[in-house]
Amino acid sequence: MSVMYICGGRPLEGEVAVQGAKNSVLPILAACLLADGPVVLEHCPRLSDVTAALDILTHLGCRVRQEGHMVTVDPQGASGCALSERQTRAMRSSIMFLGPLLARMGRASLAYPGGCELGPRPIDLHLSAIRALGCEALEEGGRICCRGHPAGGEIRLALPSVGATENAMLCAVGAAGESVIQNAAREPEIVDLQNFLNTLGARVRGAGSGVITVEGGRPLSGGRYTIMGDRMAAATLLSAAASAGGHVVLRGVDWRHLSTVLEVFHRAGCRVRSREDRVELKRDPDCPLRGVDLIRTAPYPGFPTDAQAPVMAALAAARGSTCFLETMFDSRYRHVVQLRRMGADITVAGRLARVRGVEQLHAAAVTAQDLRGGAALAVAALGARGESILSGLHHVDRGYEALEDVLRQLGGCVRREEAGRTQPA
Ligand code: EPZ
């Protein structure tokens, strides 16, 4: 098991390209099951969640190949319809195979999905969506067993769930007839999924709005697609620059996908500039961040819940207070205990977290409890005094490709080594 050693107090400088988006490539990999020929994905991030998705596709009978940031999936040999307990629990996105398996096989069987422990993560909206398309979904002995070939229909989501919207789209593509998804989530990753499906010959319209229309039953060919930039990886790197001070430029991310995060850092006193696919943040290390009163997470285009932890880590060392209201998940403050070990002054009451800025955090040995919370601890360590040790990196590796290398490229004093070294250098 490896750990990250992070020396804080050094400004970040430089320009890096942002990785491909985890939350886009995962549903797109599941969607490859719908094609009748090989699919080539470019700009695919090298993540443990991607490896888990490729493992599932192989288990289902697809031929997969990963070379650098290019992944090829040939689904022509796919015949399976059941995911093992291990595969399903490896990540939340295993649920994304439900829709395409029903569309292709008319059957699907999987355990309850795993993923970050952010409080209850029900799948009722996923099941109601496939039922609305005429499929049967039974929960038997801890597994979800679904059957039936989807017919077109209307799906009304009680919540704009990202995953349920994506599952509904993938199931509807294989349905015999037109489907309409009401109260659909509007995240940019859903637009990426629509663009991918249409590249293969589907007719999906409306992604990014609350109403998505799918003309089902069209044959999908193989094809080639480039995954969008990861706005959450970008938000994390911007938080790192805000925390440490300095000047970073991120390439390959659409600034409009990050506008609420950019606005927060602007209000916190950073100089933020953006154009087309580049975002730039600058903070003079001698000018501390300012608290920004209130940050409320919300479905897109609101402030993204996945940016809450990294942004909190940066604002833990600021002049003034910031209150976070986490409206999306019940338990998404597991990084607070770890930040307190670094000297942060944060009090949590239910979904509200009050951050009283301190002058500077200090180094500590801290442990990631989930994906974004783990990255947040690296953000905090970059602005802290001394050398921190970050463990629990298996959480971070699910969503960040070689985070230690990226931070080092930006001038961060970061290295990753096998745990158990006697003395950090
Ligand atoms: C996606 O998760 C992302 N994961 C999450 O990112 C992200 O935090 C979340 O969307 C919200 O933006 C991927 O895309 C792989 P939801 P998802 O369904 O689809 C409730 C990360 O760090 N809900 O939009 O699981 C749910 O409990 C991860 O990259 C139901 O009640 O999120 C939550 O309160 C973490 N019933 C709300 O909806 C359901 O059937 C939003 O969840 C489904 C969801």
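The values are calculated or read from the model by the stated rules, or taken from the named source; none is laboratory data. Predicted, not measured: the structure shown is a model, and the values here were computed from it. With ideal geometry, Cβ positions are generated from the backbone for all residues, glycine too; neighbour counts draw on all protein chains shown. The accessibility values were calculated without ligands, DNA or RNA, using every heavy atom of the protein model including side chains. Shrake-Rupley method; radii C 1.70, N 1.55, O 1.52, S 1.80 Å.
What number of residues in region 172-200 are surrounded by fewer than 16 Cβ atoms within 10 Å (Cβ to Cβ) and at positive phi?
The number of residues fulfilling the criteria is 1.
Could you pull out every one of the helices (runs of 4 or more DSSP H) wholly within region 355-425 that has 3 or more residues that are open to solvent by 50 Å² or more (accessible area, probe 1.4 Å)? Before the answer, list the steps.
On the way: elements: 371-383, 393-397, 403-409.
Fully inside region 355-425 and qualifying: 403-409.
So which residues in region 101-115 are within 12 Å of the ligand (Cβ to nearest atom) and touching a Gly at 6+ places or on another chain (Cβ under 8 Å), if there are any at all? Please lay out each step first, then the result.
Keep residues of region 101-115 that are within 12 Å of the ligand (Cβ to nearest atom), which gives 112-115.
Tyr112 - this is the single residue of region 101-115 that is within 12 Å of the ligand (Cβ to nearest atom) and touching a Gly at 6+ places or on another chain (Cβ under 8 Å).
Name the single residue, out of those in region 239-271 being β-branched (Val, Ile, Thr) and either outside the structural domain of Leu294 (by TED's automatic domain parsing) or touching a helix residue (DSSP H, G or I) at 6+ places or on another chain (Cβ under 7 Å) (or both), that is nearest to Asp286 (Cα to Cα). Spell out how you get there, then give the answer.
Step one: of region 239-271, the residues β-branched (Val, Ile, Thr) are 248-249, 253, 260-261, 264.
From what is left, the residues that are either outside the structural domain of Leu294 (by TED's automatic domain parsing) or touching a helix residue (DSSP H, G or I) at 6+ places or on another chain (Cβ under 7 Å) (or both) are 248, 253, 261, 264.
On the way: Val248: 16, Val253: 28, Val261: 22, Val264: 19 Å.
So, considering only residues that are β-branched (Val, Ile, Thr) and either outside the structural domain of Leu294 (by TED's automatic domain parsing) or touching a helix residue (DSSP H, G or I) at 6+ places or on another chain (Cβ under 7 Å) (or both), the one nearest to Asp286 (Cα to Cα) is Val248.
Specify which of the listed residues (Ala168, Ala158) is farther than 25 Å from Val253 by Cα, in a helix (DSSP H, G or I), modelled with pLDDT of 95 or more and within 12 Å of the ligand (Cβ to nearest atom). Break it down stepwise before answering.
Working: Ala158 fails: in a helix (DSSP H, G or I).
So the residue among Ala168, Ala158 that is farther than 25 Å from Val253 by Cα, in a helix (DSSP H, G or I), modelled with pLDDT of 95 or more and within 12 Å of the ligand (Cβ to nearest atom) is Ala168.
If you scan region 171-187, which residues turn out to be outside any helix (DSSP H, G or I) and more than 9 Å from the ligand (Cβ to nearest atom)?
Here is the first cut: in region 171-187, the residues outside any helix (DSSP H, G or I) are 174-187.
Across region 171-187, the qualifying residues are Gly174, Ala175, Ala176, Gly177, Glu178, Ser179, Val180, Ile181, Gln182, Asn183, Ala184, Arg186.
In region 51-60, is there at least one residue being more than 25 Å from Leu371 (Cα to Cα), open to solvent by 20 Å² or more (accessible area, probe 1.4 Å) and in contact with a helix residue (DSSP H, G or I) (Cβ under 8 Å, 6 or more places away or on another chain)?
yes
Let's see how each residue does on (1) open to solvent by 20 Å² or more (accessible area, probe 1.4 Å); (2) over 30 Å from Gln369 (Cα atoms); (3) out of contact with any helix residue (DSSP H, G or I) (no Cβ under 6 Å at 6 or more places or on another chain); (4) not aliphatic (A, V, I, L, M):
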{"residue": "Phe97", "(1), (2), (3), (4)": "no, no, no, yes"}
{"residue": "Arg104", "(1), (2), (3), (4)": "yes, yes, no, yes"}
{"residue": "Arg121", "(1), (2), (3), (4)": "yes, no, yes, yes"}
{"residue": "Leu127", "(1), (2), (3), (4)": "no, no, yes, no"}
{"residue": "Ile130", "(1), (2), (3), (4)": "no, yes, no, no"}
{"residue": "Glu136", "(1), (2), (3), (4)": "yes, yes, yes, yes"}
{"residue": "Glu140", "(1), (2), (3), (4)": "yes, yes, yes, yes"}
{"residue": "Ile144", "(1), (2), (3), (4)": "no, no, yes, no"}
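Got a number for residues in region 146-161 being more than 25 Å from the chain's Cα centre (by Cα) and open to solvent by 10 Å² or more (accessible area, probe 1.4 Å)? Don't jump to the end; show me each part of the working.
Let us first name the residues in region 146-161 that are more than 25 Å from the chain's Cα centre (by Cα), namely 146-154.
Right, trim to open to solvent by 10 Å² or more (accessible area, probe 1.4 Å) and you get 147-149, 151-154.
Looking only at that region, the number is 7.
Filter region 20-36 down to residues that are over 22 Å from Glu401 (Cα atoms) and not in a helix (DSSP H, G or I) and give me whichever is farthest from the ligand (Cβ to nearest atom).
Ranking the qualifying residues of region 20-36, first place goes to Asp36.
Among the residues in region 201-222, are any touching a residue at least 40 places away in the same chain (Cβ under 8 Å), aliphatic (A, V, I, L, M) and touching a strand residue (DSSP E or B) at 6+ places or on another chain (Cβ under 6 Å)?
Yes; the residues of region 201-222 include at least one that is touching a residue at least 40 places away in the same chain (Cβ under 8 Å), aliphatic (A, V, I, L, M) and touching a strand residue (DSSP E or B) at 6+ places or on another chain (Cβ under 6 Å).
Six or more apart or on different chains, Cβ under 8 Å: which pairs go from a residue in region 163-183 that's in contact (Cβ under 8 Å) with a residue 40 or more places away in the chain to one that's more than 16 Å from the ligand (Cβ to nearest atom) and hydroxyl-bearing (Ser, Thr, Tyr)? Could you list them?
Close Cβ pairs (under 8 Å, with a partner that is more than 16 Å from the ligand (Cβ to nearest atom) and hydroxyl-bearing (Ser, Thr, Tyr)) amount to Ala168/Ser179; Ala172/Ser179; Ser179/Thr213; Ile181/Thr213.
Looking at Arg251, Arg224, Arg283, Arg275, which one is open to solvent by 10 Å² or more (accessible area, probe 1.4 Å) and in contact with a Cys (Cβ under 6 Å, 6 or more places away or on another chain)?
Working: Arg251 fails: in contact with a Cys (Cβ under 6 Å, 6 or more places away or on another chain); Arg224 fails: in contact with a Cys (Cβ under 6 Å, 6 or more places away or on another chain); Arg275 fails: in contact with a Cys (Cβ under 6 Å, 6 or more places away or on another chain).
Selected residue: Arg283, the only one of Arg251, Arg224, Arg283, Arg275 that is open to solvent by 10 Å² or more (accessible area, probe 1.4 Å) and in contact with a Cys (Cβ under 6 Å, 6 or more places away or on another chain).
Has region 295-304 got at least one residue that is farther than 29 Å from Ser209 by Cα and out of contact with any Lys or Arg (no Cβ under 6 Å at 6 or more places or on another chain)? Full working, then the answer.
First, the residues of region 295-304 that are farther than 29 Å from Ser209 by Cα: none.
For region 295-304, residues farther than 29 Å from Ser209 by Cα and out of contact with any Lys or Arg (no Cβ under 6 Å at 6 or more places or on another chain): absent.
Given the options Gly399, Gly357, Gly392, name the one that is in contact (Cβ under 8 Å) with a residue 24 or more places away in the chain and in contact with a Ser or Thr (Cβ under 6 Å, 6 or more places away or on another chain). First the steps, then the outcome.
On the way: Gly399 fails: in contact with a Ser or Thr (Cβ under 6 Å, 6 or more places away or on another chain); Gly357 fails: in contact with a Ser or Thr (Cβ under 6 Å, 6 or more places away or on another chain).
Being in contact (Cβ under 8 Å) with a residue 24 or more places away in the chain and in contact with a Ser or Thr (Cβ under 6 Å, 6 or more places away or on another chain) holds for just one of Gly399, Gly357, Gly392, which is Gly392.
Counting only residues that are assigned to a helix (DSSP H, G or I) and aliphatic (A, V, I, L, M), which one in region 188-211 is farthest from the ligand (Cβ to nearest atom)?
Initial filter on region 188-211 (assigned to a helix (DSSP H, G or I)): 188-199.
Keeping just the survivors that are aliphatic (A, V, I, L, M) gives 190-191, 193, 197.
Values: Ile190: 9, Val191: 13, Leu193: 10, Leu197: 16 Å.
Top of the filtered list is Leu197.
For region 175-192, does any single residue satisfy the condition of being over 22 Å from Ser94 (Cα atoms), among the β-branched types (Val, Ile, Thr) and not assigned by TED's automatic domain parsing to the domain that holds Pro113? Steps first, answer last, please.
The first filter runs over region 175-192 and keeps only residues over 22 Å from Ser94 (Cα atoms), leaving 176-180, 182-183.
Now narrow it down to the ones that are among the β-branched types (Val, Ile, Thr): 180.
Now narrow it down to the ones that are not assigned by TED's automatic domain parsing to the domain that holds Pro113: none.
No, every residue in region 175-192 fails to be over 22 Å from Ser94 (Cα atoms), among the β-branched types (Val, Ile, Thr) and not assigned by TED's automatic domain parsing to the domain that holds Pro113.
Counting residues that are over 21 Å from the mean Cα position of the chain (by Cα) and modelled with pLDDT of 95 or more, which helices (runs of 4 or more DSSP H) fully inside region 43-117 reach at least 1? Even if it seems obvious, please write down each step before you answer.
Details: elements: 48-59, 85-89, 98-105.
By residue number, 48-59, 98-105.
Scan region 128-152 and report the pairs whose first residue is within 17 Å of Tyr112 (Cα to Cα) and within 15 Å of the ligand (Cβ to nearest atom) and whose second residue is open to solvent by less than 80 Å² (accessible area, probe 1.4 Å) and in a loop (DSSP other than H, G, I, E, B), with Cβ atoms within less than 6 Å and a gap of 6+ or a chain change.
Cys146/Cys135
Scan Asp330, Asp306 and give me the residue that is open to solvent by 10 Å² or more (accessible area, probe 1.4 Å), assigned to a helix (DSSP H, G or I), in the same structural domain as His257 (by TED's automatic domain parsing) and among the acidic types (Asp, Glu). Let's see the steps before the verdict.
Details: Asp330 fails: assigned to a helix (DSSP H, G or I).
So the residue among Asp330, Asp306 that is open to solvent by 10 Å² or more (accessible area, probe 1.4 Å), assigned to a helix (DSSP H, G or I), in the same structural domain as His257 (by TED's automatic domain parsing) and among the acidic types (Asp, Glu) is Asp306.
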